[in-house]
Amino acid sequence: MKIETDFLIVGSGISGLSLAIKLSELGRVTVLTKKKTDDTATNLAQGGVCCVTGEDDDFELHEYDTIKAGDGLCHEDIVRLIVRQAPERMAELEACGLRFDRDKKGRISLGKEGGHSRRRIWHVGDYTGRAIQEALTRRAMECGNITLLENHTAVDLLIMNADGCFQGHCEAMSDGTDITTQQGLRTPPGSKGTCRVVGLYALNGATGEIDTFLSRCTILSTGGCGKVYLYTTNPDVATGDGIAMAYRAGARVANLEFVQFHPTCLYHPQRKNFLISEALRGEGARLLTCEGEAFMQRYAPREMELANRDVIARAIDAELKKSGRDYVYLDITHKKPDFLKKRFPQIYAVCLKLGIDITREPIPVVPAAHYMCGGVVTDAYGQTDLPGLFAVGETACTGFHGANRLASNSLLENLVMAHQSFVRIQSSWQHLKSLPFASPPEWKTGKAVDMQEGVLISHNWDTIRRLMWDYVGIVRSTKRLSLAAQRIEPILKEIHQHYWDYLLTSDFIELRNLAQVAYLVIRAAGARLESRGGHYMKDYPQKDDWNWRRDTLLLRNELM
Ligand code: SIN
């Protein structure tokens, strides 16, 4: 089936939906989402959204904290842009019916997290993301011009070359990656002159068919890729789809070595990816060994539990390696039970259900993959290297986060960059809407057959996630990274072969993307011979500003 739409958005989190709402003023919007609309990282976000508010705070301080966390790689123009738009974007969110927590005088209750020199985090209890997701979904449903298609998994972008030919059945996995530091627009490999993204192929989970979606603008807001790792706070859908598709299509991706590990994911056999918000440490929670010894004094004597996440994650990792234990504790029992129940209602309830009363006992925690600071390279308006293609949110790399993201800066980036993309699209809308829709060939399955053996997928899925956790985790080394590179190669080859031999399923599409992104993270990490932000190399423990104060850019080479 062929479906024509003015704007095609992949992903239904905060950036996808807030952009959809704005674009619906211009034309028809179709939002594709792999599972249910609220199966997003947004929905799980606990912390909140940074917005300079207090009298003791100002934009320069927020910019300073962001740049300090980013460890030399933040793009300062982007930092200024995003930090200074916060009040306007927050007002828009509230206009969608969202009400952030306020004190008795009606002032916003400001939260605090690691790396912030002031209280500046707007929140709704400890379920800010869920409140945002619900408000935006409600608003999007009210807009007549938005079609939300659940159970649709994007396969690959469709690119029309200047000569009217199409690319879309891309094969790139490991072949020909070019690591470059050059700037500037690059046409996709194999294209002659100007080309344009004109839509994508997507698997309709209800029919099992691959449909062709044609659009005037395509926006990737597919979130991050935490599922590349064995332990993650991310939802199951976080398989790096947007990054993998954009890379295969020939857009540059950047800084994929900067995976942020959240220090405190709940350690419990029945609840594997539940986050224990950094806001607990903002309210004074202490990290303890299993023997009850506070240890942050030894790693960050000044910032202690409010040091940046990379510092704390490494401290916990070192303590776990030393003790041979599986977890450390986070203790907030010094706070009054009433305060904890009101400020952290979700964490209190989930832990209690698992037999942990956070008002009386410490919480067992471990670090887990949480956020991808890199992504598809975009300009200040969400535009990727490929005309017709935008990327927003965790999928994108704007340069805002640099080598390490400041807590609660991501929802803000989503809102601002969705707005920026809208501004760019609106400014060229008269031209865009005069373009005819492309007419690419429909998907052909050829001789592909039903895979039948699910183990072909699950085995590789498990292998990749274990490999990434063990070899490309919180602390890395050149030896482990080169072993990881050797091990991922045959897996990529096998998946590549399966891609042509078997009918596509959503599990297989996700595995293909997961493998692609794992490969790219390994390549990027192996290329950066220093330690900076979220990337720590045992054999290069120092920061090397002379050689490495620059983004790691990856571009697929001429091979298709
Ligand atoms: C948290 O609540 O600790 C997560 C917030 C974030 O990742 O920004």
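Each residue of the stretch 380-388 is assigned a 3J(HN,Hα), and the resulting list reads 6, 10, x, 7, 7, 5, 9, x, x Hz, derived from the Karplus form 6.51 cos²θ - 1.76 cosθ + 1.60 (θ = phi - 60°), x at Gly and Pro.
Taking all protein chains as shown and a probe of 1.4 angstrom, residue 390 keeps an accessible surface of around 10 Å².
Using C-alpha pairs under 8 Å with a sequence gap of at least 6, the mean separation divided by the residue count of the chain gives a relative contact order of 23 percent. Sequentially through the stretch 502-509, phi angles give Karplus couplings (6.51, -1.76, 1.60; θ = phi - 60°) of 10, 5, 6, 10, 5, 4, 5, 4 Hz, Gly and Pro residues having no value and appearing as x. Restricting the stretch 420-515 to chymotrypsin sites (Phe, Trp or Tyr not before Pro) that sit in a DSSP loop and have at most 16 other Cβ atoms within 10 Å of their own Cβ leaves 437.
A dipole drawn for the chain from +1 and -1 charges on Cβ atoms has a positive end, and of 352, 67, 215 the residue lying farthest that way is 352. Sorting the segments 480-493, 267-280 by their residues' average number of neighbouring beta-carbon atoms within 10 angstrom, most packed first, yields 267-280, 480-493. The relative contact order of the stretch 345-430, computed from alpha carbon pairs under 8 Å that lie at least 6 residues apart in sequence, is 24 percent. The alpha-carbon positions of the stretch 249-364 define a convex hull whose volume is 150 Å³ per residue.
Determine, from the Cβ-Cβ distance of residue 141 and residue 91 and an R0 of 22 Å, the FRET efficiency 1/(1 + (r/R0)^6), rounded to the nearest 0.05. The value I calculate is 0.55. Going down the list 227/493; 2/493; 22/433, which pairs span over 23 Å between their C-alpha atoms? Going by Cα-Cα distance, 2/493 fall outside the 23 Å limit.
Using a/c under 1.5 as the rounded threshold, could you call the stretch 233-273 rounded, prolate or oblate? The axes a ≥ b ≥ c are square roots of the C-alpha gyration tensor eigenvalues, and prolate needs a/b larger than b/c, oblate otherwise. Oblate is the answer for the stretch 233-273, as a/c is 1.5 or above yet b/c matches or exceeds a/b. Where only DSSP H runs of four or more residues are counted, the chain gives -10500 deg cm²/dmol as its mean residue ellipticity at 222 nm, each run worth -39500 (n - 2.57). With Cα atoms defining each centre, the stretch 272-291 and the stretch 493-560 are spaced 30 Å apart in the structure. In sequence order, the stretch 111-125 has phi-based couplings of x, 10, 9, x, x, 9, 7, 9, 6, 8, 9, 7, 8, 10, x Hz under the Karplus curve 6.51 cos²θ - 1.76 cosθ + 1.60, θ = phi - 60°, and Gly or Pro positions carry x. Our note on the geometry: Cα centres of the stretch 27-90 and the stretch 340-390, 13 Å apart. One quarter of the convex hull surface built on the alpha carbon atoms of the chain amounts to 24.5 nm², the projected area averaged over directions.
Share of carbon and sulfur in the accessible area of the chain stands at 50%, probe radius 1.4 Å. Under the combined filter of DSSP loop state and at most 15 neighbouring Cβ atoms within 10 Å, the stretch 40-144 retains these GluC sites (Glu not before Pro): 55. Across the stretch 431-557, the mean sequence separation of Cα contacts (distance under 8 Å, 6 or more residues apart), normalised by length, yields a relative contact order of 28 percent.
The values are calculated or read from the model by the stated rules, or taken from the named source; none is laboratory data. Keep in mind the model is a prediction, meaning the values are calculated, not measured. Quick reminder, even Gly has a Cβ in these numbers, built from the backbone with ideal geometry, and neighbours come from all protein chains shown. Ligands, DNA and RNA are stripped out before the accessible areas are found, and what is left, the full protein with its side chains, is counted by its heavy atoms. Shrake-Rupley method; radii C 1.70, N 1.55, O 1.52, S 1.80 Å.
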